[in-house]
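Read-outs throughout are calculated quantities, based only on the coordinates presented, and are distinct from any laboratory measurement. What you are looking at is a predicted structure, and each value in this text was computed from that prediction instead of being measured. When we count neighbours, we look across all protein chains shown, and the Cβ atoms used for this are built from the backbone with ideal geometry, even at glycine.
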Amino acid sequence: MVVVQIVYAGMNILYKLVSENGVNLRILIAYRMLFATAFMVPLALIFERKTRPKLTWVVMFQAFLCGLLGGTLAQNLYFESFAFTSATFAVAMSNLNPAITFVLATSVGLEKPAVGTLGGMMKIAGTLVGIGGAMLFTLYRGVKIDLWSTHVDLLHHQQHVAPSHPGSSQHVIGALLCLACSLSYAMWLIIQGKMNERYPCLYSGTALICTMSFLQSIVFALCTERDWSQWKLSWDLRLLTAAYSYTRSDFDRVRVVHGVVG
């Protein structure tokens, strides 16, 4: 879990840097899923070629939904919120994921509240704290805190810089995007759990989801970006971000397969 959070923090910083330098994040997400697919498919073919169960249409559909909700939709919503808020705000709002997952799982009968038990009361209390913290983070605008100054400029302001959105309405839009991302992520966790029951293969299931997400992401990116110069990768921060960030997606899927949510 500690390693996952460290990888997560590095990914957010990298995405914020490239977004401030005018990089199309939709294209970057497509490349990210391409790297994830290229990494996971060989592992699935090597380690699970004899133990993999038969692939059914139900599993294919579940993988399509997982790729859409946990990959394409969730990632595009999450990183789009960067343009309206900040990486710190988006990460803080992602703490809603366990709360929303618990509410959805309870509503569809996959989770029992167990109000009369200590564990059930702790889950409910944690859900309320998570939702309350997200509301406070959204509605309260505090003062800027400068801890120290630095002469390191990672944003390269001489290049194109994405426009900032300091207004309160844009701040609310960013919060709503984060909320939609958490909702999509929670639905992915639930469907992923059901898919693991039918198709209990760590590498093959992850490879299938990554492939679905890559196909969806590249179609979405092609529909929204026609400037082919944006698709070029070179040895710069854009390539590092795309290659680095796919590891976080794979860590998340491993956590779900082993029953860890949050």
Can you classify the stretch 47-129 as rounded, prolate or oblate using the Cα gyration tensor, where a ≥ b ≥ c are the square roots of its eigenvalues, rounded means a/c under 1.5, and otherwise it's prolate if a/b beats b/c and oblate if not? oblate
I need the shape label for the stretch 20-70. Rule: rounded when a/c is under 1.5, else prolate if a/b > b/c, else oblate, with a, b, c from the alpha carbon gyration tensor. oblate
Does the stretch 193-249 come out rounded, prolate or oblate, given a ≥ b ≥ c as the square roots of the eigenvalues of its C-alpha gyration tensor, rounded meaning a/c under 1.5 and, failing that, prolate meaning a/b above b/c? oblate
In the stretch 1-101, GluC sites (Glu not before Pro) in a DSSP loop with at most 15 other beta-carbon atoms within 10 Å: none
In what sequence do Trp231, Trp188, Trp57 fall when counting other Cβ within 10 Å, fewest first? Trp57, Trp231, Trp188
Those lysines that a straight Cα-Cα span of less than 23 Å connects to Lys16, excepting residues fewer than 8 apart in one chain: Lys144, Lys232
Separation between Cα centres of the stretch 50-69 and the stretch 16-39, rounded to whole Å: 25
